[in-house]
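To start, the structure itself, in structure tokens.
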Amino acid sequence: MKKLLTTSLLGAALIAGVVQAQDTEQLRIGVDVPYEPMEYRTPDGELTGFDIELGNAMCAQINADCEWVVQAWDGIIPGLLARKYDAIMSSMTINDERRQTVLFSDPYIKPPSAWFAAADSGIETTYPESLKGKTIGVQRGTLQDNYVTDMYGDVANISRYTTADDLVLDMDAGRVDIAFLDFPVGKSTLLDSKDGDYVTVGDMISEPAKYFGEGFGIAFRPRDKELAERFDDALATLKDNGTYQKIYDKYFKTQQ
């Protein structure tokens, strides 16, 4: 009887394990790397950053096993629509133009954009006339690219880069006079850099909403409303239980 009971318990445990494994959803999330401190690789190659840690916490909250799929920015929405992954969590600004193609979660952060230049550049203001003939660096296809193109395209030269790291290399080499980036990215790659002496120029910028949207959101295919709602619920829970603030402070506390 004892042997039979032990066998029954073992069988029940195995069945429970199978059921639990089946209950864990498999999801893939697209991300553009690097975009420090939002998403980047550690020296040993591990993906990390605010988006990665928050995304993993949200996946755990909805009982999903999430795999991160690295995708260049200019193909990240087409990749979602082609079902290469189930969502995009890669510092994507929510705006009306993108809403025509994807479904967004609630905003999970709204960082300002800022201008960055070498401390000895002599650039003190960012009015269009102040940057006449200058070379402005932006990451291709971003909201900063759209803003600079419309506001400065007639007076300045615009250099577009696939990654923020490529832009920084040209800043260090003196081929770019001033960069316009998300502030957390510019702080991490330029202000905190040991290879150059950089400063912010002018005020932080987060308006007009036409360019800067409502903050960063997770993008889904329009049909995946239920999945988006689950991530929204997970975000709300992580904010309520303090997990969100802990992750936020890890990456941005020094900016407060």
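Placing unit charges on the Cβ atoms only, positive for Lys and Arg and negative for Asp and Glu, gives the chain a dipole magnitude near 920 debye about its Cα centre. The helix-only estimate of mean residue ellipticity at 222 nm for the chain, built from DSSP H runs of length n ≥ 4 each weighted as -39500 (n - 2.57), is -11000 deg cm²/dmol after division by the residue total. Within the listed set ALA114, ALA87, ALA209, the residue fluctuating most in the Gaussian network model of the chain (springs between alpha-carbon atoms under 10 angstrom) is ALA209. Working from label points 7 Å from Cα in the Cα-to-Cβ sense, the ASP195 to GLN245 distance is 3.8 nm. Can you give me the % of accessible surface on region 157-256 that is carbon or sulfur? Probe 1.4 Å, all protein chains present, nothing else counted. Looking at region 157-256 in its full context, I get 44 percent from C and S. Taking trypsin sites (Lys or Arg not before Pro) across region 167-256, the ones in a DSSP loop with at most 16 further Cβ atoms lying within 10 angstrom of their Cβ are ARG175, LYS194, ARG223.
Here is the list for region 43-122: trypsin sites (Lys or Arg not before Pro) lying in DSSP coil, each with at most 10 other C-beta atoms within 10 angstrom of its C-beta, are ARG83.
Counting only whole DSSP H helices of the chain, the ones at least 30 Å long by C-alpha along their axis and with mean Kyte-Doolittle hydropathy no lower than -0.5 are 2-23. Taking other residues whose beta carbon is less than 14 angstrom from the beta carbon of ALA72, and scoring Lys, Arg as +1 and Asp, Glu as -1, yields -2. Take the chain with all the other protein chains still there, run a 1.4 Å probe, and you get 52 Å² of accessible area per residue.
Per atom type, region 55-139 shows carbon and sulfur on 44% of its accessible surface, probed at 1.4 Å.
The values are calculated or read from the model by the stated rules, or taken from the named source; none is laboratory data. Computed from a predicted structure; not experimentally measured. Please note: Cβ atoms are built from the backbone with ideal geometry, for glycine as well, and neighbour counts cover all protein chains shown. Each accessible area value is taken on the protein alone, full model and side chains, heavy atoms only, with ligands, DNA and RNA left out. Shrake-Rupley method; radii C 1.70, N 1.55, O 1.52, S 1.80 Å.
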